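The values are calculated or read from the model by the stated rules, or taken from the named source; none is laboratory data. Everything quoted here is computed from the prediction, not taken from an experiment. No Cβ is skipped: glycine too gets one built from the backbone with ideal geometry, and neighbour counts run over all protein chains shown. Calculation scope for accessible area: heavy atoms of the full protein, side chains included, ligands and nucleic acids excluded. Shrake-Rupley method; radii C 1.70, N 1.55, O 1.52, S 1.80 Å.
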Amino acid sequence: MAKPILYGADYSVYVRIARLALEEKGVDYELIPLDIFAADGIPAWYRKHHPFGRIPAFEHDGFRLFETGAIARYVDEAFDGPALQPAEARGRARMDQIVGTLDSYGYRAMVWDVAVERLEKAPADEKLIAAGLRQAETVLKVLTSLKAKGPWLLGGQLTLADLHAAPIIAYFVKVAEGRDMLARFADIQEWYARIATRPSFAGTEKVA
Ligand SMILES: N[C@@H](CCC(=O)N[C@@H](CS)C(=O)NCC(=O)O)C(=O)O
C-alpha cells in the first residue's frame with residue numbers, strides 16, 4: 001500500500017492533530033506543504049481535496065478524507081500500532097465529547113482570540129482577548145472535570161482526545177495570559193507537561 005499523504009502546514013493546529021495520530025501509530029506518511037495563507041491564495045487543485053479550503057486533507061491509496069476527526073479515526077483504525085480509541089462505549093463517548101468541546105468552544109477562543117490576537121496584532125483587540133480567556137477558562141474547567149485519574153485525559157490510555165487537546169493548548173501557552181491561566185488548572189498543566197515530552201509532540205513542532 002502507498003504511503004498516506006497529508007496536505008497541510010506545520011503551523012496548523014489541525015494538521016498537527018492529524019500528524020500526532022500518524023506519529024503515535026508509527027505510520028510513515030508524506031506531508032505535502034499547503035499554505036492556506038499564501039499571498040496568491042489556495043491552489044485551485046486543492047479544492048478537490050478540501051472544498052472548504054482548510055487544512056489538513058488526507059489521502060491513502062486513492063481514499064480521500066477531510067475533517068481532522070475523521071482522519072484521526074481512520075488512521076487509528078486502518079493501521080497497526082497502539083489503539084488510540086477506548087474499546088468501550090463510554091470511553092469513546094467521553095473522547096468524542098472532549099474532541100467536540102475543543103472544536104466547538106476551545107480552538108477559536110484559545111488559538112485565535114487569545115494567542116494569535118496577542119502575538120500578531122498591534123494593537124490587539126483586548127475585548128476579544130478577554131472574551132477568549134473567559135471561554136478558555138470554561139474549557140479548562142470542563143477538561144478538569146472530565147479528566148480521568150491517570151496520565152492521560154481518559155486515564156491510562158493515550159487517546160485521540162489527548163492528541164486533539166495538546167496542539168490547542170500548545171498555542172494557548174505561547175502567550176503569558178495562556179500560561180498564567182493554565183497554571184490555575186494543575187491537573188491539565190501536569191497532563192500538558194507530560195504529553196509535551198512525547199517524541200510525536202517534539203517531532204511535529206513548527207520548524208522556525
Ligand atoms: N473542521 C476542520 C478545521 C480545520 C481548520 O480550521 N484548519 C485551519 C488551520 S488550523 C484552517 O485551514 N484555517 C483556514 C481558514 O480558516 O481559512 C477540521 O477538523 O479539519
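Remarks
- Unmet requirement for residue 41, which otherwise passes all of (1) within 12 Å of the ligand (Cβ to nearest atom); (2) of a type outside the set (Val, Ile, Thr); (3) on the phi > 0 side of the Ramachandran plot; (4) open to solvent by 70 Å² or more (accessible area, probe 1.4 Å): (4)
- Set 148, 170, 161: member being of a type in the set (A, V, I, L, M, F, W, C), farther than 17 Å from residue 88 by Cα, out of contact with any Ser or Thr (no Cβ under 7 Å at 6 or more places or on another chain) and modelled with pLDDT of 95 or more: 170
- Unmet criterion (only one of (1) within 19 Å of the chain's Cα centre (by Cα); (2) surrounded by fewer than 18 Cβ atoms within 10 Å (Cβ to Cβ); (3) away from the ligand (no atom under 13 Å from the Cβ)) for residue 23: (2)
Okay, residues lined up against (1) of a type in the set (D, E, K, R); (2) more than 16 Å from the ligand (Cβ to nearest atom); (3) within 22 Å of residue 2 (Cβ to Cβ):
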{"position": "95", "(1), (2), (3)": "no, no, no"}
{"position": "110", "(1), (2), (3)": "no, no, no"}
{"position": "118", "(1), (2), (3)": "yes, yes, no"}
{"position": "143", "(1), (2), (3)": "no, yes, no"}
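- Where residue 93 falls short, out of the listed (1) open to solvent by less than 50 Å² (accessible area, probe 1.4 Å); (2) under 30 Å from residue 150 (Cβ atoms): (1)
- From the list 179, 194, the one residue that fits, being over 29 Å from residue 27 (Cα atoms), open to solvent by 30 Å² or more (accessible area, probe 1.4 Å) and modelled with pLDDT of 95 or more, is 179.
- Qualifying helices (runs of 4 or more DSSP H) (wholly inside the stretch 48-151; at least 2 residues being farther than 26 Å from residue 33 by Cα and either of a type outside the set (D, E, K, R) or touching a helix residue (DSSP H, G or I) at 6+ places or on another chain (Cβ under 8 Å) (or both)): 89-101, 126-146
- Subset of the stretch 171-208 [among the hydrophobic types (A, V, I, L, M, F, W, C), in a helix (DSSP H, G or I) and over 23 Å from residue 133 (Cα atoms)]: 201, 202
- Within the stretch 1-15, residues that are within 18 Å of residue 51 (Cβ to Cβ) sit with their Cβ atoms under 7 Å from residues that are small (Gly, Ala, Ser) and modelled with pLDDT of 95 or more, at 6+ positions apart or across chains, in these pairs: 6/18; 7/57; 15/8; 15/9.
- Checking each residue in the stretch 1-17 for being in a strand (DSSP E or B) and either closer than 14 Å to residue 203 by Cα or within 8 Å of the chain's Cα centre (by Cα) (or both) picks out no residue at all.
- All of (1) touching a strand residue (DSSP E or B) at 6+ places or on another chain (Cβ under 6 Å); (2) within 15 Å of the ligand (Cβ to nearest atom); (3) touching a residue at least 40 places away in the same chain (Cβ under 8 Å) hold for residue 65 with one exception: (3).
- Of all the criteria given as (1) among the small types (Gly, Ala, Ser); (2) at negative phi; (3) outside the structural domain of residue 158 (by TED's automatic domain parsing), the one not satisfied by residue 26 is (2).
- Residue match in the stretch 9-23 (condition: at pLDDT below 95 and of a type in the set (A, V, I, L, M, F, W, C)): no
- Test set (1) open to solvent by 40 Å² or more (accessible area, probe 1.4 Å); (2) more than 10 Å from the ligand (Cβ to nearest atom) - residue 5 fails condition number: (1)
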